[in-house]
Amino acid sequence: MANEFAVEMQDVLKQFVTPEGGILAAVNHVTMQIKDGEFFSLLGPSGCGKTTSLRMIAGFELPTDGKIFIRGKEMSQVPAFQRPVNTVFQQYALFPHMTVEQNIQFGLEMKGVPRAERSRRVSEALEMVRLPGMEMRKPKQLSGGQQQRIALARALINKPEVLLLDEPLGALDLKLRKEMQLELKTLQREVGITFIYVTHDQEEALTMSDRIAVMSKGLALQIGAPEEIYERPATKFVADFIGETNFLDGSVKGQNGTTVEVDLPGTGIVFVESSRKFTNGQAVSVAARPEKLSLNNEIKDGNNLKGRVEEVIYIGTDTHYGVRFAGSHKARVREQNISQAHKEIAKTGDEVTVSFTRTSPRLLTE
Amino acid sequence: MLKFFRGKKGFQLFGLLSPGALWILLFFNLPILIVLFISLVERGRAGGIKLPPEYTIDNYSQFFNACSSQFAGPECDPFLYVGIFGHSVRIGLIVTLWCILLGYPLSYFISKQKQIWRDALMILVIIPFWTNFLVRTYALKQVLATEGLLNSFLMNLNLINQPLDLLFNEFAVVVGLIYGYLPFAILPMYASIEKFDHTLMEAAADLGAPPRRAFWRVMLPMTLPGVVAALVLVFVPVVGAFITPDIMGGGKVEMIGTLINRQFGVARNWPFGSSMSLILMLLVLIGVVLYFRSSTEETRRAM
């Protein structure tokens, strides 16, 4: 097993018995490799299997089938207390009956590190999370953000091979969450430890991660860098879950090299560049981001579709136009409000042209 | 304190509180003073007290030196009563320990079930309360008797040749007391364990604690309030118990409760019974005060 991977999941299956007596695959034959030193996010809606995956890496759940390697060593059936990983829990799970110091040094104590070294490293860890001198407090006396940092210090003091974070910012308010996002990212770069980060917040995942695995219904749909996932989503679910996407459903009319001709019934014909091979008549979705569409700004050699504005939504930085085409297709167009004397490009009920290049949309079949 | 009762609100408060306060005053506090009074006077010939009352502290000195009694024979043991007290405390500790050892895992098991099962199992724990205590104790006596259920069962299986002496000894009393007081241990411990957040055990394991260490360092300290409550709720009544030692011990096992009971019955020595009641109360009071002194805010609230 190559050692460049901090964690490797090989065809991991986790089944649960549902209250109704059925069998549910919370994680359905997932394979992924997490590189050493990477900030890796597991992203998906609740129930997609991201937390179960994390819990299997931590050792709180054992896989029904498949293998989990940590630093090249198989750990699939090793109990949690023997794994070289540490976890930051969603609700922090600090020990309420212990002081901050006792909490943070718990892992070192279990390893049998001498007392003097423990207390030195606790102060270092508190420095690192910018809460020096908090040793004697009880967790209850700290704010949510402070508890969060103590939980982080308690995990990182053990210098784990991998740090697992289960929606650690979920309980914080928006402003603090944004601050902590940056702080976590900086911290990760400083300590150089592999972070595996579970979140349902796509913006959070895009901001912080080196790579993201988008999960749904127990499957890892796409694994890649934020840019790759945003610009080249592999499935309709990924395109829809990450950011906003217009889906124009139609069928393939012909393919000439990399140029695919798609018939959007009633709306018109569009040409889209794609490296994939399609068969004539195959049902496809033209997936286009709202910011990649423009209004009344025809593109030569691009696609220009006629439609009618149904709604105009002004949101400060941008204005969103909801356009309905002749067929049943609808699209949302985002125009940035660059000029100060912002003027609506179109009003509700206006006939408009929606344009996009041949390269900007994706052709998705599933 | 009196300014509480000023004004209209205060008047209503006074109206609401006084029946309960009066009840406690009349039927709990005042009787203790009566007991104190009786313990300080000489006994009457046929029970009750000698009239007009003659004050004495003999009833207390008799407790610490049994030979100081005018009825003491030549071979008397001066520490007879102190010894019985010590014996009761020992039985109390054994019973309490077993109730906690048996009740804790059971409470843990119940707390881990689904809501509907938890409720059902807790009802099963409580149901015995609805049967009269005396009936239950007599039933248990039938189980342990020489010709009883347990002995017949073991004999039929040829595990034993002759019946075991399971009744009318300390073993029987201890079993009877554990049987009677186990629910009192389960209820407070269950309340504590049910509130315990099991994620903390995952956190401990995550930080490298094997299950046993995680239990001692995290789960037990966090559920200790329930354990201490169980300790007090079982120990206090068990030390003073008299029905169970009477029935299960068949008059052969003497405890404080049976001793006091006898002073108001056949011995017709009310003052000595009263003095021992107060000594027992003092003993329990000292225990509880020591406990409150050493306990934290949280433990106290669990009571």
Report task. Residues being out of contact with any helix residue (DSSP H, G or I) (no Cβ under 8 Å at 6 or more places or on another chain), surrounded by 14 or more Cβ atoms within 10 Å (Cβ to Cβ) and among the hydrophobic types (A, V, I, L, M, F, W, C): count how many of those fall in segment A:296-350. Result -> 9
Query raised in the report: Looking at segment B:115-128, is at least one residue without any contact (Cβ under 8 Å) to a residue 60 or more places away in the chain, assigned to a loop (DSSP other than H, G, I, E, B) and within 25 Å of B:I193 (Cα to Cα)?
Result: no
Query raised in the report: Which is modelled with pLDDT under 95, under 23 Å from B:S107 (Cβ atoms), among the aliphatic types (A, V, I, L, M) and not in a loop (DSSP other than H, G, I, E, B), of B:V284, B:V236, B:V289?
Result: B:V236
**Report entry** Checklist (1) modelled with pLDDT under 95; (2) under 26 Å from A:L187 (Cβ atoms); (3) within 14 Å of chain B (Cβ to nearest Cβ) applied to A:T18, failing item
**Finding:** (2)
Query - Residue among A:A125, A:A151 that is within 29 Å of A:F16 (Cβ to Cβ), within 14 Å of chain B (Cβ to nearest Cβ) and among the aliphatic types (A, V, I, L, M) - result: A:A151
Query raised in the report: So A:A93 clears everything in (1) more than 18 Å from A:R154 (Cβ to Cβ); (2) in contact (Cβ under 8 Å) with a residue 12 or more places away in the chain except one condition, right? Which one?
Result: (1)
Query raised in the report: Quick one: would you say B:A229 is of a type in the set (G, A, S) and within 8 Å of another protein chain (Cβ to nearest Cβ)?
Result: no
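Within segment A:218-226, is even one residue in a helix (DSSP H, G or I) and at pLDDT 95 or above? Give the steps one after another, and end with the answer.
Kept after step one, since they are in a helix (DSSP H, G or I), are these residues of segment A:218-226: A:226.
Filter once more, so that each one left must be at pLDDT 95 or above: A:226.
Within segment A:218-226 (the criterion being in a helix (DSSP H, G or I) and at pLDDT 95 or above), the answer is yes, since at least one residue qualifies.
Within segment A:294-318, restricting attention to residues that are among the acidic types (D, E) and part of a strand (DSSP E or B), which residue is farthest from A:L264 (Cα to Cα)?
First pass over segment A:294-318, keeping only residues among the acidic types (D, E): A:298, A:301, A:310-311, A:318.
From the residues that got through so far, the ones that are part of a strand (DSSP E or B) too are A:310-311, A:318.
Details: A:E310: 19, A:E311: 22, A:D318: 28 Å.
Taking the candidates together, the pick is A:D318.
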Requested in this report: Mind listing whichever residues of segment A:130-157 are within 17 Å of B:A204 (Cα to Cα) and part of a helix (DSSP H, G or I)?
Outcome: A:P139, A:Q147, A:Q148, A:I150, A:A151, A:L152, A:A153, A:R154, A:A155, A:L156
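Return yes or no: is A:T64 under 26 Å from A:G243 (Cβ atoms), of a type outside the set (K, R) and either at pLDDT 95 or above or surrounded by fewer than 21 Cβ atoms within 10 Å (Cβ to Cβ) (or both)? Steps first, please.
On the way: under 26 Å from A:G243 (Cβ atoms): no; of a type outside the set (K, R): yes; either at pLDDT 95 or above or surrounded by fewer than 21 Cβ atoms within 10 Å (Cβ to Cβ) (or both): yes.
When the stated conditions are applied, A:T64 does not pass them.
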Query raised in the report: Limited to segment A:188-229, what total is found for residues that are more than 11 Å from the chain's Cα centre (by Cα), more than 19 Å from A:S46 (Cβ to Cβ) and surrounded by fewer than 18 Cβ atoms within 10 Å (Cβ to Cβ)?
Result: 6
**Report entry** Selection from segment A:238-277 of residues that are without any contact (Cβ under 8 Å) to a residue 40 or more places away in the chain and touching a helix residue (DSSP H, G or I) at 6+ places or on another chain (Cβ under 8 Å)
**Finding:** A:V238
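Restricting to segment A:38-75, name every residue that is among the polar types (S, T, N, Q) and either within 12 Å of another protein chain (Cβ to nearest Cβ) or out of contact with any helix residue (DSSP H, G or I) (no Cβ under 8 Å at 6 or more places or on another chain) (or both). Outline the logic, then answer.
Taking segment A:38-75 as the starting set, the residues that turn out to be among the polar types (S, T, N, Q) are A:41, A:46, A:51-53, A:64.
If the condition is that a residue be among the polar types (S, T, N, Q) and either within 12 Å of another protein chain (Cβ to nearest Cβ) or out of contact with any helix residue (DSSP H, G or I) (no Cβ under 8 Å at 6 or more places or on another chain) (or both), then A:S46, A:T51, A:T52, A:S53, A:T64 are the ones that fit.
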Report summary line: When B:K195 is run through (1) away from chain A (no Cβ under 14 Å); (2) surrounded by fewer than 17 Cβ atoms within 10 Å (Cβ to Cβ), the failure sits at (1)
Report summary line: Given (1) in contact (Cβ under 8 Å) with a residue 60 or more places away in the chain; (2) surrounded by 17 or more Cβ atoms within 10 Å (Cβ to Cβ); (3) not assigned by TED's automatic domain parsing to the domain that holds A:F356, A:R232 misses just (2)
Report task. Considering each residue of segment A:102-120, count those that are within 14 Å of chain B (Cβ to nearest Cβ) and over 33 Å from the mean Cα position of the chain (by Cα), and give that number. Result -> 7
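The values are calculated or read from the model by the stated rules, or taken from the named source; none is laboratory data. Computed from a prediction, not measured in an experiment: that's the story for all the values here. Every residue, glycine as well, gets a Cβ built from its backbone with ideal geometry; the counts of neighbours run over all protein chains shown.
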